[in-house]
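For reference, the structure discussed in these notes is given below.
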Amino acid sequence: MPDSMMDMEHRDHQLHRQQQQSHHHQPPRLTASTSTFAPPAPAGSQSEERDRDRDRERDHHLHHHQSNNVASSPLPVTASIQLHQQQPQQQQQQQPLTQLQQPQLREREHHQQQQQQQQQMMQQPQQQQQMQQPQQQLPHSHHALMQQSQQQQAIHRAEARRADEEISDKASTCGKLLIFLSVALVIMTLPFSLFVCFKVVQEYERAVIFRLGRLMQGGAKGPGIFFILPCIDSYARVDLRTRTYDVPPQEVLTKDSVTVSVDAVVYYRVSNATVSIANVENAHHSTRLLAQTTLRNTMGTRHLHEILSERMTISGTMQVQLDEATDAWGIKVERVEIKDVRLPVQLQRAMAAEAEAAREARAKVIAAEGEQKASRALREASEVIGDSPAALQLRYLQTLNTISAEKNSTIVFPLPIDLITYFLKTNEATTQQNARAAAAAIGNTPPPLQLAPQQQMGQQQQPQYQQPQQQQQQYQPQQQQQQQQQQPQQQDQLYQQGQQISSAM
C-alpha cells in the first residue's frame, strides 16, 4: 500500500502540472463536488474527467487503507462503526479540496519540512560552537593574534618588495647609462684598454665578478680569460685547492672530569666560489674558528678512555659536523685527524705506575709458569738418569768439556765418578748394617722375670737369643773378605778413568 500511495501522489503531481498548463490556454471551469452528473463539456475537458476518475480511485484506496488500520486497532466495535460512518461525510466535504488544492498543499508541506531540516542542520554546529567556546577562547585569541601578525608581516614584505622594485628600476636605468659610458671609454682607448679589460685565471682558481655591486649571471668565471668593464666591474679570485689548518692545542674537560690538551688537523677546500664570497665575509677564518669549537664540544662529550682508543670515530663525527655547518659557506671539509692527546703530569705518572704494576704481575706469572715447566723437565731428566747410570756419567763428561772450552785461569781436577759411586755404596752398606744391628739388638733383649714353673721355658729360649749373635759373627768376616777383593778392582777402574780424562784434556 505505501508504494501505491507514492504512485498516486506522483500521478497527482503530474496531473496538477497538466491542469496548470491547460489553465493557461483555457478559462477555468467550475466542477460539482458531490453530483455524479455535470453539464456537457467540450472535447477538451476529457482530460479533466480522467483526472476526476483517478482522484476517485485514489480516494477509494485511501478509504480502504484507513478501514484496514481501524480494523487492526484495539477500539471497541461502536467506535469503529462511528468512524466508518463519519469517513464518507468527511471525504465528501474535502473532495473538492483534494481535487484542486491537494498537490499544492503537499508541495508546501514538503518545502516546509525541508526548511525545518535545514534550520536544524544550521543550528547544530552553532550549538556545538557555543558549547566549546569557553574552552577555546584562549586558543582562538592566540590564533587570531598570530594571523594578524602574519598578515602584518606579509604587508611589510610586499611593501619592501615594491620599494626594492622601484629602486631596482631606477638603478637599472642608471646602470645602463654607466655601462654605455664605460663601453664608449673602452672603445676610445682601445689599444690600452685591452690590458685592463681582459684578465686571466689559473686552472685552480675562479673569478667572482660584481657589476655595479651585483653578481653577474653565469656564476664564477674561469679558468682562462674573462672580460670586465673598467670602473664598473670588480672581481674576487677564489682558490679551489685543498687547504690544511693546524688546530692549536685546546684545553678540554672530558666527561669524566679529566683535563686534557688535544690538537688536530683539518683538510678543507672551497666547493662553491660564488657562495663563499657572497654568503660569508671570510670563509677560511670562519671555518677555522668553527673547527676549534667543534673539537672542544666533541671531546667534552667523551670519556678519557674513549678519546685514547676511539680516535678514528671521533675524527669521523667531527668531519660530518663541520661539513654540515660549512655547506652554507661553500666549504667542503674533506678530513679531520687528531694529532696528539696530552695528559697532565700527575695522571701520566699514575697511569705509568699502573702499567708498570700490570707488567710486573704479568712477568711474575710468566716466570712462575717457566719454573713449573722447568721443574717438570728436571724431574723427567732425573728419572731418566736414575734409570741409566751411564747417562749420569755422560752428563759429567759434558760438563767437563764445557769447563775446558772456556778460557778460565782456574784449574779443575776432575773427580772420577766411580769413586763417588763407591762412597755411595759404602754409605748404603753401613746404613744397612746399622739397621740390622738395631734389629738384632731388639731381638736380644731378655724377657721379663717369670715364676718358677716358667724357668724351663726361659732355658729353652736362651739358644734362640744366641743364634743372631752367632750369625752376625759369621757375617762380618765374609763382608771383610768381599771388600778386600773389590778394592783392587775399584782402584784399577779409577786409574783407567783418570787416564781417559787426561788424554781427553
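The values are calculated or read from the model by the stated rules, or taken from the named source; none is laboratory data. None of the values given here were measured: they were computed from a predicted structure. Neighbour counts are summed over all protein chains in view; Cβ atoms, including those assigned to glycine, are modelled from backbone coordinates with ideal geometry.
Observations on the model:
- Residue match in segment 337-354 (condition: β-branched (Val, Ile, Thr) and either in a helix (DSSP H, G or I) or exposed (fewer than 11 other Cβ atoms within 10 Å of the Cβ) (or both)): yes
- Set Ala220, Ala236, Ala184: member being over 15 Å from Ala273 (Cβ atoms) and not hydroxyl-bearing (Ser, Thr, Tyr): Ala184
- Exactly one residue out of Leu185, Leu194, Leu190 is surrounded by fewer than 11 Cβ atoms within 10 Å (Cβ to Cβ) and assigned by TED's automatic domain parsing to the domain that holds Phe226: that is Leu190.
- Failed condition for Thr301, given (1) more than 30 Å from Asn279 (Cα to Cα); (2) over 24 Å from the mean Cα position of the chain (by Cα): (2)
- Condition check for Thr317: in contact with a Pro (Cβ under 9 Å, 6 or more places away or on another chain), at negative phi and not assigned by TED's automatic domain parsing to the domain that holds Ile209: no
- The lone criterion from (1) touching a residue at least 60 places away in the same chain (Cβ under 8 Å); (2) outside any helix (DSSP H, G or I) left unmet by Leu400 is number (2).
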